[in-house]
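To keep things clear, I will list the structure first and then write my remarks on it.
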Amino acid sequence: MTTNTTVSHITSPTTTASGGNLTGADLTEPYRVALIIIYSVVLLVGITGLTVMISLLKTNIRSITTIAFLNLMVAHFIFLLTVPFRIYYYVVQTWDLSPGFCKLVSAMVHIHIYMVFTIYSILLTVRFLHFYKKTQRTEFYRRLHGLGASALVWCILIIIMLPLVLKQYGQNTSQEHRCFKFGELLQETYVYVLNMILSIFIIIVSCVQTCIQVIILRTMILKYGPASRSQQEFWVQIKNLSFVLIMLTCLVPYHLFRLQYINKAGDLHQINEVFLAITGLTCFDMLTFTGRSIYKVCWT
């Protein structure tokens with residue numbers, strides 16, 4: 001009787017503490033369905049945004065705003081290339097591709113987060129300085145300067161960030177045909193410290209930029225009152241506010257949660273995947289430029 005019970009226990013489906021069956025993707029059914037839906041929305045919105053905004057290629061590429069948004073398009077495009085593989089994995093619940101490609105797809109969502117955050121921060125900082133008259137230029141002197149600045153950012157990404165992120169996923173201790181589960185690597189001190197520093201930095205910078213944006217909008221409203229909406233600068237700041245809101249709703253919640261996750265990676269794996277998927281909704285930023293009137297204001 002004891003032997004049969006033991007065999008039955010070993011061969012029975014893996015269960016969570018709450019009693020739900022785990023799939024081959026180490027996810028209970030509600031989380032797996034949620035991830036499929038979120039990533040499907042990300043893919044649909046991302047493709048739509050890229051298609052609509054392809055006309056930006058014909059704009060003045062000396063504009064800092066244009067250069068920043070073109071880089072955003074590139075970052076979103078590279079990330080969206082990996083999204084179908086995530087959706088496929090959550091649907092079929094098994095990973096039949098190489099472990100190395102699993103690491104690349106896993107790393108890409110984090111690279112996308114850091115790239116989007118970097119571009120947002122640069123764009124907002126330049127616009128804040130322009131508002132406070134600390135700088136009068138919102139354009140590069142020559143087109144090559146803009147392209148050079150973009151190349152510098154991507155070189156920093158490739159030379160510094162990519163090796164760091166790939167190193168974090170350097171050892172695949174997951175079972176065969178499993179993917180996107182590298183939480184055990186957080187037990188290593190350098191990985192733990194790196195994640196802690198990055199999360200705290202992104203949270204602090206996002207909050208500071210939010211406060212500055214609120215102060216700027218309050219200043220304009222107090223100065224112009226109801227006439228604020230007729231001011232071109234007001235609508236530029238509204239556009240900045242959309243970036244700030246995207247950071248607050250897509251990036252900050254994930255990194256706030258990550259401060260807890262890195263201490264309990266095994267218990268919080270499923271909800272962490274959902275928070276991570278939500279960061280992909282930053283692709284909505286492209287749709288903020290589809291309004292014709294706002295489009296004209298923000299690219300002047």
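Observations on the structure shown:
- Residues that are of a type in the set (A, V, I, L, M, F, W, C), at pLDDT below 75 and assigned to a helix (DSSP H, G or I), drawn from segment 170-215: L185, L186
- Any hit, segment 146-153, residues being surrounded by 13 or more Cβ atoms within 10 Å (Cβ to Cβ), in contact with a Cys (Cβ under 7 Å, 6 or more places away or on another chain) and either in a helix (DSSP H, G or I) or modelled with pLDDT of 85 or more (or both): no
- From the list I246, I271, I262, I278, the one residue that fits, being in contact with an Asp or Glu (Cβ under 8 Å, 6 or more places away or on another chain) and under 27 Å from V105 (Cα atoms), is I246.
- In segment 253-283, the residues that are buried (at least 19 other Cβ atoms within 10 Å of the Cβ) and within 21 Å of L72 (Cβ to Cβ): Y254, H255, L276, A277, T279, G280, T282, C283
- The listed residue being at pLDDT 85 or above, of a type in the set (A, V, I, L, M, F, W, C), surrounded by fewer than 18 Cβ atoms within 10 Å (Cβ to Cβ) and not in a loop (DSSP other than H, G, I, E, B), out of V91, V105, V116: V91
The values are calculated or read from the model by the stated rules, or taken from the named source; none is laboratory data. Remember, it's a predicted structure, so these values are computed and weren't measured experimentally. Glycine gets a Cβ as well: all are built from the backbone with ideal geometry, and neighbour counts include every protein chain shown.
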